[in-house]
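The values are calculated or read from the model by the stated rules, or taken from the named source; none is laboratory data. Being a predicted model, the structure only gives us computed values, none of them experimental. Please note: Cβ atoms are built from the backbone with ideal geometry, for glycine as well, and neighbour counts cover all protein chains shown. In case anyone asks, the SASA skips ligands and DNA or RNA and just uses the protein heavy atoms, side chains included. Shrake-Rupley method; radii C 1.70, N 1.55, O 1.52, S 1.80 Å.
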Amino acid sequence: MSKKFYITTPIYYPSASPHLGHAYCTTLCDIIARGKRLRGFETYFLTGLDEHGEKIQENALAAGVTPQQFVDEVAVKFISLWKTMMISNDDFIRTTQPRHYETVEKMFSKFLQNDDVYLSSYRGWYCVHEESYWTDTQVGPDHLCPECHRPCEEKSEAAYFFRCDKYVDDLLAFYDQNPNFITPKGRKDEMVNNFIKPGLNDLCVTRTSFSWGIPVPEAPGHVIYVWLDALANYVTALGYLQKDDSKFQKFWNDPDSEVVHVIGADITRFHTIYWPMFLEALDLREPSRVFVHGLMMMKDGKMSKSKGNVIPVPPLVERFGVDAVRYYLAREIIFGQDGQFTPEQFVERLNSDLANNLGNLLNRTVSMIDKYFEGKIPEDKGDTNELDKNLSALAEKTVKAYEVLNDDLKVTEAYSAVMDLVSAANKYIEESAPWALAKDPAKKEQLANCMAHLANTIFLSGMLLSPILVTKSEKIFDQLGVPSALRNYASATKFGSLHGVLVHKGEQLFPRLDVKTEVDFIQQLMAAPKEKAAA
Ligand SMILES: [Zn+2]
């Protein structure tokens, strides 16, 4: 298996202020990236902004600023949101950066040199929302966009076209050879049946009707189509066709590097049809996987400013802590499926999993070690009975499941497995009844092993949860007295490695929340005036 891992979020469109919906995808990618780093993978994690296109030009005009001023302002908000969510991205690409211009211009020149693009003129039905042209058949008699169902306008302009014909057979062969390329699998059939089989038209890759984009040096008046421009970010950020391309060589060009794009469903077509073709034309490898995540829906549909159901992130994080918000996002909605946010489920999830399960296990264990062993974690001498044996076997099984599920991007399932181990440890306390063992001097060794099993289970769980609990896992280790030399994946997964150290009973890491108070708080956030919500 590859020890190099490159993961990207979609580059976001800076036409609105970022909210919990944007935070969802980036946080999940962050959890995946941190999980890989934890396990020793050399990892590169990229996010950024898609700053060109007609829609930006129009929005800037409406706001009375230049497009560059407009995107600069929105960029600050995104960067600040990632800081709030403690996102560990290695780079933040903006498509208005000179490095991006350099790569995209050179890519286009290659297309010209290899006769992958040709000049023609375009007439079609244009949807400003997706910045996509559609044919007469696709828009039907009402001229509605087949993707978003908004009205399209008829347009014609001089443009360059990418020869899809040249690459479509290779693309289909690539799909066949790489059945995991598109996840979920149903999306692949959708692409083949809805877009490729009916006949893929050559793709219009430049525009002449507006100017906010990367100019084609060889063809004055043409700017590069926003989708070609945007997709290129995944290689631009690594230095492709730039002076220093060492990251590109390491994370893209090396066939052993696993390359994962995480995207929303609405941009599947561009990532799974056109992006592989562009790469093929450039003689570059395809990504290992395009993972289509689901949507976090609200009761009244998608989170949007116009619906007034937007949840601003900073006050939520301030109230509940970054760990809790990250935990909710990873755990509540199965990654890859659609799910719904409700304030009630948010509070219940934090109470049941973090306060009652994990927090409770830590408090009870530290208190008992204090009480029975003067705060010193006893050595684990092995399993003394079936209960001990079951817990250590489950711990071992959990590590394996965690790794396999994470490698398959089944993030929710991976962390559920860890929480199942935490539940099992709470149950183990009930069944082992250490308070009874403590009364019998003959059971001293069994009591010691029980405490050691518990401390090591918490140590392991805290480590496995650390990609989500970015601040609290360290606090868990502090309470357990884990020395810094042991605070690593190898030590935590070697069950029984923690002993002879003093625990430090500290504050409740996950205090129980009052459901009504907190639900009211979240509802007020959602009802806050738009200006406030955008802050
Ligand atoms: Zn549309």
Task: Residue within the stretch 456-472 that is touching a residue at least 12 places away in the same chain (Cβ under 8 Å) and over 29 Å from the mean Cα position of the chain (by Cα) present - done: yes
Open item on the list: Restricting to the stretch 68-89, name every residue that is surrounded by 15 or more Cβ atoms within 10 Å (Cβ to Cβ) and over 18 Å from the mean Cα position of the chain (by Cα).
Closed with: 70, 71, 72, 74, 75, 77
TODO: Check residue 437 against each of (1) closer than 30 Å to residue 25 by Cβ; (2) touching a Cys at 6+ places or on another chain (Cβ under 8 Å) and name the one condition it does not meet.
DONE: (1)
TODO: Search the stretch 134-146 for residues being in contact with a Pro (Cβ under 7 Å, 6 or more places away or on another chain), open to solvent by 60 Å² or more (accessible area, probe 1.4 Å) and outside any loop (DSSP other than H, G, I, E, B), and hand back the single one that is farthest from the ligand (Cβ to nearest atom).
DONE: 138
Open item on the list: Checking the structure you have, find out if any residue of the stretch 96-113 is open to solvent by 30 Å² or more (accessible area, probe 1.4 Å), hydrophobic (A, V, I, L, M, F, W, C) and either within 16 Å of the ligand (Cβ to nearest atom) or more than 17 Å from residue 278 (Cβ to Cβ) (or both).
Closed with: no
Open item on the list: With the requirement that a residue be open to solvent by 30 Å² or more (accessible area, probe 1.4 Å) and in contact (Cβ under 8 Å) with a residue 24 or more places away in the chain, what does the stretch 351-362 give you?
Closed with: 356, 360
Task: Residues (touching a strand residue (DSSP E or B) at 6+ places or on another chain (Cβ under 9 Å) and surrounded by fewer than 15 Cβ atoms within 10 Å (Cβ to Cβ)) located in the stretch 211-227 - done: 211, 221
Open item on the list: Quick check on the stretch 114-133. Is at least one of its residues away from the ligand (no atom under 16 Å from the Cβ), surrounded by 15 or more Cβ atoms within 10 Å (Cβ to Cβ), more than 28 Å from the chain's Cα centre (by Cα) and in a loop (DSSP other than H, G, I, E, B)?
Closed with: yes
Open item on the list: If a residue must be closer than 27 Å to residue 209 by Cβ and either surrounded by 15 or more Cβ atoms within 10 Å (Cβ to Cβ) or within 16 Å of the ligand (Cβ to nearest atom) (or both), how many such residues does the stretch 147-193 contain?
Closed with: 19
TODO: Might you check whether a residue that is among the hydroxyl-bearing types (Ser, Thr, Tyr), surrounded by fewer than 23 Cβ atoms within 10 Å (Cβ to Cβ) and at pLDDT 95 or above occurs anywhere in the stretch 291-306?
DONE: no
- [ ] Return the residue satisfying two criteria in turn: it lies in the stretch 171-205 and is in a strand (DSSP E or B) and modelled with pLDDT under 95, and of such residues it is farthest from residue 265 (Cα to Cα).
- [x] 204
Task: Matching residues, the stretch 330-373, being at pLDDT 95 or above and aromatic (Phe, Trp, Tyr) - done: 346, 372, 373
TODO: Find the residue count for the stretch 228-237, including only residues that are touching an Asp or Glu at 6+ places or on another chain (Cβ under 7 Å) and either open to solvent by 10 Å² or more (accessible area, probe 1.4 Å) or not in a helix (DSSP H, G or I) (or both).
DONE: 1
Open item on the list: So the check is Cβ under 6 Å with 6+ separation or different chains; which pairs have a first residue in the stretch 248-273 that's within 22 Å of residue 13 (Cα to Cα) and a second one that's part of a helix (DSSP H, G or I) and modelled with pLDDT of 95 or more?
Closed with: 261/271; 262/29; 263/271
- [ ] State yes or no: is residue 473 surrounded by fewer than 24 Cβ atoms within 10 Å (Cβ to Cβ) and not in a helix (DSSP H, G or I)?
- [x] no
- [ ] Out of 61, 119, report the one residue that is at pLDDT 95 or above and over 25 Å from residue 24 (Cα atoms).
- [x] 119
Open item on the list: Report every pair of residues separated by at least 6 positions or lying on different chains whose Cβ atoms are under 8 Å apart, first residue within the stretch 394-423 and touching a residue at least 40 places away in the same chain (Cβ under 8 Å), second among the acidic types (Asp, Glu).
Closed with: 398/420; 419/353
